[in-house]
1. Could we say that residue 77 is touching a residue at least 40 places away in the same chain (Cβ under 8 Å), crowded, with 21+ Cβ neighbours inside 10 Å, among the aromatic types (Phe, Trp, Tyr) and more than 11 Å from ligand 2 (Cβ to nearest atom) here?
2. Considering only strands (runs of 3 or more DSSP E) fully contained in segment 101-208, which possess at least 3 residues that are hydrophobic (A, V, I, L, M, F, W, C)?
3. Give the residues of segment 261-298 that are closer than 28 Å to residue 223 by Cα and either modelled with pLDDT under 95 or surrounded by 19 or more Cβ atoms within 10 Å (Cβ to Cβ) (or both), sorted by residue number.
4. Take segment 49-65 and flag every residue that is near ligand 1 (Cβ under 10 Å from one of its atoms) and farther than 14 Å from residue 258 by Cβ.
5. Find all pairs meeting these conditions: Cβ atoms under 8 angstrom apart; at least six residues apart or on different chains; first residue within segment 165-188 and touching a residue at least 12 places away in the same chain (Cβ under 8 Å) and farther than 30 Å from residue 240 by Cα; second residue of a type in the set (Asp, Glu) and surrounded by 16 or more Cβ atoms within 10 Å (Cβ to Cβ).
6. For the structure I just gave you, tell me whether residue 107 is touching a residue at least 40 places away in the same chain (Cβ under 8 Å), more than 30 Å from residue 11 (Cβ to Cβ) and of a type in the set (Lys, Arg).
7. Checking the structure you have, find out if any residue of segment 215-237 is more than 14 Å from residue 18 (Cα to Cα) and touching a Gly at 6+ places or on another chain (Cβ under 6 Å).
8. Check every one of the strands (runs of 3 or more DSSP E) wholly within segment 237-300 and list those with 3 or more residues that are more than 16 Å from ligand 1 (Cβ to nearest atom) and not polar (S, T, N, Q).
Amino acid sequence: MPEKEGSSCAGLNEPRLVARKFLARPQPEGVGAVVRRSIGRFELRYFDPFLVLDEFSVTAPAGFPDHPHRGFETVTYMLQGAVKHEDFEGRTGTIGPGDLQWMTAGRGIVHSEMPAAQGTQKGLQLWINLSSKYKMIEPSYQEVSNKDITEATKDGIKVRVIAGEALGTKSAIYTRTPTMYLDFTLELGAHLRQPIPGPWNAFVYVLEGEGIFGRSKSSPHHLLLLGPGDGLEAWNKSSKLLRFILVGGEPLCEPSVQFGPFVMNTQEEIDQTVDDFKNYTNGFEKARHWRSESGVTLGF
Ligand code: FJE
Ligand code: FE
């Protein structure tokens, strides 16, 4: 099939419209923490390949103490304050404002994520599913500090490229499930046209201000699922800055079974995972003797 002409330079032939819209309301999660969950709630269990999108808010002593993951990736992007991470391999680190941690849990991670500063720590955590061929890989991390996140500015648009490419600038993050993750700030009057691969699922989550996305107006804490098309058109017609993330991913189109922090392809694999976690096998060996500084275990 011949490619449509000028699809990525001259603009968009078929802008994506908002197909569904959700307001994420605060709900308790972890130990005393609060999340606004958009993807992963009852009405939107899974938006292939995305399992969970939480806008979290946590003030000490609340947090997300010792808990496991298997079969997917967690992407934590800090907006305010700091979170300390400790895992069962003895790896620790603190991520502050604008920092990114892209964790591939693979066959298994047990870790804690706790406040590391005064006041309220805020950020976004996205869970991205892994295809069956990567679910049992060795766990790994990609960390990018605020100052190293690629940025570009053009015509009143600033973009921080967490994953993928925008305004001619590429991120160094490697995505096992092909993913784009862009943090846009639009000045008053700015107009964005951002290409998105046709077959990908994509959404917007509004952080600040008010914007027009496709033909719909939207404000903070709203998740917008985008319909079919070749990109997003957005405008800031308000009197304040508009900030939102645009995330897209290639759907895996595989069966998915989730049990809390474990996401596999079949119920048998979930049963095996629960056994592995209980018996400290197949990747959970180091969980036997490990406790984080908090010493608390999060039931799941
Ligand atoms: C988890 C309950 C949880 N959203 N946003 C059960 F709270 C968690 C969990 C998180 C989490 C952590 C951060 Cl830093 C930010 C989050 C849920 O840790 F993984 C399970 N299983
Ligand atoms: Fe976690």
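The values are calculated or read from the model by the stated rules, or taken from the named source; none is laboratory data. Treat the numbers as computed from the prediction; the structure is a model and nothing was measured. Please note: Cβ atoms are built from the backbone with ideal geometry, for glycine as well, and neighbour counts cover all protein chains shown.
1. yes
2. Working: elements: 109-115, 120-129, 140-144, 150-154, 157-163, 179-186, 191-195, 201-208.
The strands (runs of 3 or more DSSP E) meeting that bar are 109-115, 120-129, 157-163, 179-186, 201-208.
3. Initially, segment 261-298 is screened for residues closer than 28 Å to residue 223 by Cα, giving 261-265, 298.
261, 262, 263, 264, 298, listed by residue number.
4. Going through segment 49-65, the residues near ligand 1 (Cβ under 10 Å from one of its atoms) turn out to be 52-58, 63-65.
Across segment 49-65, the qualifying residues are 53, 54, 55, 56, 57, 58, 63, 64, 65.
5. Sorted first by the residue in segment 165-188, then by its partner, the pairs are 176/73; 177/73; 177/250; 178/250.
6. It is true that residue 107 is touching a residue at least 40 places away in the same chain (Cβ under 8 Å), more than 30 Å from residue 11 (Cβ to Cβ) and of a type in the set (Lys, Arg).
7. Looking for residues that are more than 14 Å from residue 18 (Cα to Cα) and touching a Gly at 6+ places or on another chain (Cβ under 6 Å), one finds at least one in segment 215-237, hence yes.
8. Of the strands (runs of 3 or more DSSP E) lying wholly inside segment 237-300, those with at least 3 residues that are more than 16 Å from ligand 1 (Cβ to nearest atom) and not polar (S, T, N, Q) span 242-249.
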